[in-house]
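Chemist: My structure is below; once you've seen it, I'll send some questions.
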Amino acid sequence: MTDTYRMTVDLNVLDHLGINLYSNIAAVLTEAVANAWDADAEQVDIKIDPDGNWIEIVDDGIGMSVDDMNNKYLRVGYRRRDDDSEHGKTTAKGRPVMGRKGLGKLSLFSIANVIELESAADGSAHGLRMTVAGIHESVEKKEPFYSPESLEAELIGVTKGTRIHLRDIKRQRLGRGASALRKRLARRFSVIGEAHGFKIHLDSSPITASDRGDLPVVQFLWQLGDDALDLASAPQLLENESLSNASEGWDPSWQVSGWIGTARFPKQLDSEDAGNLNGIVVFARGRLFHENVLDKLNDGRLYTKYLTGQIEADFLDTDDEADIATSDRQRVQEDDPRYAKLIAFLKSRLTEVEKRWNEWREKHEVQKAKDESPALREWLDSLGGGFRKSAETLIAKLSALPVDNEEDRKLLYRHGVLAFERMRLRGSTEKLVASVKSVDQLLVLLADRDSLEASLYRDIVKSRLDAIRNFETLVDEDAKEKALQQYLFDHLWLLDPSWERATGSEFIESRLQEAGVIVSDLTKKEALGRVDLKYRTTAGKHIIVELKKAGRRMKLIELQEQGQTYVDKLRKILAAQNETTPNIEVVFILGKPVEEEASNPERLKASMEAISPGSQVIHYDTLIQGAQKAYSEYLEQSKTLDRLERIVEGI
């Protein structure tokens, strides 16, 4: 070995590892609390000046002698686990040591320009003062080290443990205040409380597990392992179960403990003070090791919007393996095999969580929705077994959509009920239920052309029922004629449900007008002995509808002559359109019967066939009865729709 080459560490490193490495007060105080844990302290008291001028951290640990202060605390990069053979890995009380890199103490410079530190050990107390200005001065002078100044004896008041007093606070790093700090510190340690013999007080009030803010909003919970879990702060918990805390192929010593939970609503995980609770915190040796491993799972399924939790994975920070924590100890080196195995483990467990979440969600949310809405209960109870199961799944999924406003959720239920009924007519309820993964996907389905067509069902039913009811009220011939004039030509489905206007009808009608078959002059109409005539095509047929006044009695010969005239004229028009063998029918609608209907029905039939095959005579009363029969299903559905409307309005 020679001294030809020499590596040195400039004091400028302090700027990077301390002053500029940590960005918030919670991360900084985490380092101070971790040092207190490693000093076997039973209590840490943190006080913050209301005006933000100072912060004090006091612990009742073993304290430090002057030698300890110089050789351990002031030695940047001191690796306790390697350099202290007696209590480097485990404290005198048997605690696993949290510290590892020897850099955490520098974090204090991130929030304060002046640090005063007192400590008592072996019956004596001492203290020092460090300043950012003093460090910069040593850097400018190119001094090989920085020498903090000793505190005056009269300023030293600690008799046990260590006291840190931070002054000249950097206000921008203080965050939202004591309330937010309490919650954020609670989420950075899993060893707080009587069970661990370690208490943290903030402004004289103890920090507890409930301050984390996650358990109080958890609805369903999955525990990893069999360790006792204090659920006293989980008043909304409805279901919980255990999951295996090891994975095939793992080292036998590897285990994961803790819990994963889901809130009822995503908005419950949005905390201004505690930060975003929609994540899974990873601890190792009782302190934060990874702020949110959920972000690394690349799982975009709906249930992840409801997830929260905290797990302990000590194998990420074992003494005999490389340190994979980043310098600020809030994230990890993601290419490490241990981390990769943890991710695989969590993906496997979360698949189990999602399955059970769907089951529990359906069970409880449907019941809650039924309890809160008698109308919704009535609808669900009215469905058959198979449809009811699908409908309950739909309601559960709608309840799971991230909608904050309860009135908006009720609106979702209303649309969901109507959509389900529409899709039930088409036999597509399963498609509807399966599509409800997000509000956007649901809207896409409801905007689908077929679904949109189905959504018109109720309007069609109502309009056709109105038309049929009008016919039912007709008791005299004048009323019949008025009703026919108003409805029949606009609603030819009353004659035959398949009759609709076809492309080209308007062109042929204009030709019939030119040929004098269709007239608009009322005087000429009356002279020709007819109320009106319409033309339609359907299924390759050309259909001429001739209406007669309800009170007029027609002779068969008159019908034959008029019908044959219509057919002959129409054949010529169609021949000009290169249709040489058209299928034409003439339908006469009469109020009074033709004499031959009773005396010689075969002659009537032959006369109609002579006009053109399929031609026929229909009576007004027969038309009404036929419409009632053809639309009996509509009449029955009307009762259902009236009930459905009442249910929807009641949700």
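The values are calculated or read from the model by the stated rules, or taken from the named source; none is laboratory data. It should be emphasised that the depicted structure is a prediction, and the values quoted were computed from it without experimental measurement. Because the Cβ atoms are built from the backbone with ideal geometry, glycine has one as well, and the counts that use them run over all protein chains shown.
Chemist: Is there any pair with a first residue in segment 291-311 that is surrounded by fewer than 21 Cβ atoms within 10 Å (Cβ to Cβ) and a second that is of a type in the set (D, E, K, R) and modelled with pLDDT of 90 or more whose Cβ atoms are under 7 Å apart and which are 6 or more apart or on different chains, and what are they?
Modeler: L297/K347; R301/E354; Y303/E354
Chemist: Can you find a residue that is assigned to a strand (DSSP E or B), assigned by TED's automatic domain parsing to the domain that holds E31, within 32 Å of the chain's Cα centre (by Cα) and not polar (S, T, N, Q) anywhere in segment 164-187? It would help to see each step written out before you state the result.
Modeler: Within segment 164-187, the first condition is being assigned to a strand (DSSP E or B), and the residues that meet it are 164-169.
Next, only the ones that are assigned by TED's automatic domain parsing to the domain that holds E31 stay: 164-169.
Within this subset, residues satisfying the condition of being within 32 Å of the chain's Cα centre (by Cα) are none.
Within segment 164-187, not a single residue is assigned to a strand (DSSP E or B), assigned by TED's automatic domain parsing to the domain that holds E31, within 32 Å of the chain's Cα centre (by Cα) and not polar (S, T, N, Q).
Chemist: Yes or no: segment 147-158 includes at least one residue that is touching a residue at least 40 places away in the same chain (Cβ under 8 Å), within 30 Å of H136 (Cα to Cα) and surrounded by 13 or more Cβ atoms within 10 Å (Cβ to Cβ). Reasoning before the result, please.
Modeler: Initial filter on segment 147-158 (touching a residue at least 40 places away in the same chain (Cβ under 8 Å)): 148, 158.
Narrowing the set further to residues that are within 30 Å of H136 (Cα to Cα) leaves 148, 158.
Applying the additional criterion that residues be surrounded by 13 or more Cβ atoms within 10 Å (Cβ to Cβ) yields 148, 158.
Yes: one or more hits.
Chemist: Continuing with the same structure: Can you tell me which residues in segment 253-264 are crowded, with 20+ Cβ neighbours inside 10 Å and among the aromatic types (F, W, Y)? It would help to see each step written out before you state the result.
Modeler: Restricting attention to segment 253-264, the residues satisfying the condition of being crowded, with 20+ Cβ neighbours inside 10 Å are 256, 258-263.
W259, the sole residue that qualifies.
Chemist: Here are P206, P235: which of them is within 30 Å of the chain's Cα centre (by Cα) and either farther than 27 Å from R81 by Cα or buried (at least 18 other Cβ atoms within 10 Å of the Cβ) (or both)?
Modeler: Details: P206 fails: within 30 Å of the chain's Cα centre (by Cα).
It is P235.
Chemist: If you don't mind, there's one more thing I want to ask. Any idea which residue in segment 96-143 is modelled with the highest pLDDT, counting only those that are assigned to a loop (DSSP other than H, G, I, E, B) and more than 27 Å from I48 (Cβ to Cβ)?
Modeler: V97
Chemist: Does segment 366-392 hold any residues that are of a type in the set (A, V, I, L, M, F, W, C) and under 19 Å from the mean Cα position of the chain (by Cα), and which are they? Give the steps one after another, and end with the answer.
Modeler: Initial filter on segment 366-392 (of a type in the set (A, V, I, L, M, F, W, C)): 366, 369, 375-376, 379-380, 383, 387, 391.
Scanning segment 366-392 gives V366, A369, A391.
Chemist: Right, another one. When you scan segment 544-588, how many residues do you find that are within 20 Å of S607 (Cβ to Cβ), out of contact with any Phe, Trp or Tyr (no Cβ under 7 Å at 6 or more places or on another chain) and aliphatic (A, V, I, L, M)?
Modeler: Of the residues in segment 544-588, 9 are within 20 Å of S607 (Cβ to Cβ), out of contact with any Phe, Trp or Tyr (no Cβ under 7 Å at 6 or more places or on another chain) and aliphatic (A, V, I, L, M).
Chemist: Let me ask something else. Identify the residue in segment 383-413 that is among the small types (G, A, S) and in contact (Cβ under 8 Å) with a residue 24 or more places away in the chain and, among all such residues, is surrounded by the fewest Cβ atoms within 10 Å (Cβ to Cβ).
Modeler: Here is the first cut: in segment 383-413, the residues among the small types (G, A, S) are 384-386, 390-391, 396, 399-400.
Filter again for in contact (Cβ under 8 Å) with a residue 24 or more places away in the chain, leaving 390-391, 396, 399-400.
Numbers: S390: 18, A391: 25, A396: 23, S399: 21, A400: 23.
The selected residue is S390.
Chemist: So, R329, is that one outside any strand (DSSP E or B), modelled with pLDDT of 85 or more and either touching a Lys or Arg at 6+ places or on another chain (Cβ under 7 Å) or of a type in the set (K, R) (or both) or not?
Modeler: Values: outside any strand (DSSP E or B): yes; modelled with pLDDT of 85 or more: no; either touching a Lys or Arg at 6+ places or on another chain (Cβ under 7 Å) or of a type in the set (K, R) (or both): yes.
The answer is no for R329.
Chemist: Follow-up. Do any residues in segment 621-634 that are closer than 16 Å to L590 by Cβ and of a type outside the set (G, A, S) have Cβ atoms under 7 Å from those of residues that are outside any helix (DSSP H, G or I) and at pLDDT 75 or above, where the two are at least six apart or on different chains, and which pairs are they?
Modeler: Once the first residue is closer than 16 Å to L590 by Cβ and of a type outside the set (G, A, S) and sits in segment 621-634, its partners that are outside any helix (DSSP H, G or I) and at pLDDT 75 or above give L623/I589.
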